[in-house]
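Notes for the one structure printed next.
What follows draws every value from the coordinates through simple rules; no lab data is involved. Everything numeric here is computed off the predicted structure, so don't read it as measured data. FYI the Cβ positions are ideal-geometry reconstructions off the backbone, even for glycines, and counts take in every protein chain you see.
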Ligand SMILES: Nc1ncnc2c1ncn2[C@@H]1O[C@H](COP(=O)(O)OP(=O)(O)O)[C@@H](O)[C@H]1O
Ligand SMILES: [Mg+2]
């Protein structure tokens, strides 16, 4: 269960090496290494405030790194021209942890935000495309004209996912997408992610604390502690790992025994 696999770059959606990111005197990520394979859903876990969101934002180019190398689809992001980076931004979509939706815009208008920024389409075509995305995430057509305040938590997450999918990305970053949802809505959202992975061939980098999500949607799990990815592997490998942090995380009192029992009995 190594922190990264020896897969060639072209089989990886994300490849991070010797990454250092800090704020002031504090180093948050310290020589972090990570591989995300094309087509997989990678669940990214770690204690609160350990740098999960910072890692996602660094890969996206929203946080500056101090050292290291970040490749997406085999391209070193530091080597890309401005146009090259913009082209890359069209290949990924993001569902931020706190930036769910613009409250002053309808769902349709929210989904069109990336379209307006990156594509030059007629209003009619943009409406059609946005409605397709809204259907894709399982929202009813009438949700398009609603404002976020009129939606349930689960519907807001779906709408935010529709926005993340606006540009037909190959890679999606989801930062705690099911946090705050009731278990049924969370399970439905998980199912949607799995379906999108299978039908669209999406690669998904998903920060989550939801053990159910780790079992039901994630192909592999990576764990962050002390600024590093301390382990990467299947959920079974994580459950069997000796590392004290992993043992506490996956077998601690807050890790539902029911969930564990179910995973072990179904081999999920
Ligand atoms: N822009 C920033 N400026 C200063 N500190 C930050 C900034 N963004 C994140 N941090 C700090 O980095 C650490 C990791 O944050 P974060 O990645 O959000 O944690 P989490 O693993 O919970 O997502 C936290 O201590 C946070 O306060
Ligand atoms: Mg976070």
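Laid out as a table, the results:
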item	result
Histogram of C-alpha separations across the stretch 1-146, 10 Å bin width, %	9, 32, 31, 21, 6, 0
Å³ per residue enclosed by the Cα convex hull of the chain	136
FRET efficiency, residue 9 to residue 86 (Cβ-Cβ, R0 22 Å, nearest 0.05)	0.55
Segments 229-236, 240-247 sorted - mean Cβ within 10 Å per residue, highest first	229-236, 240-247
Ordering of 27-40, 213-226, 8-21 by burial proxy (mean other Cβ atoms within 10 Å per residue, highest first)	213-226, 27-40, 8-21
Residue of 47, 252, 201 that the Gaussian network model of the chain assigns the largest fluctuation, springs spanning Cα pairs under 10 Å	252
Percent antiparallel among DSSP beta bridges (both partners in the chain, rounded to 5)	55
Where labels lie 7 Å past Cα in the beta-carbon direction, separation of residue 146 and residue 199 in nm	2.0
The stretch 135-205 versus the stretch 28-74: alpha-carbon centroid distance in Å	22
Stokes-Einstein D for the stretch 211-254, Kirkwood Rh over Cα pairs, 25 °C, 0.890 mPa s (µm²/s)	230
Label-to-label distance, nm, for residues given as residue 118 and residue 26 (7 Å Cα→Cβ offset)	3.2
Projected label distance in nm at residue 97 and residue 127, using a 7 Å step from Cα toward the beta-carbon	3.9
Mean Cβ neighbour count within 10 Å, used as a protection proxy, ranking 155-168, 57-70, 104-117 highest first	155-168, 104-117, 57-70
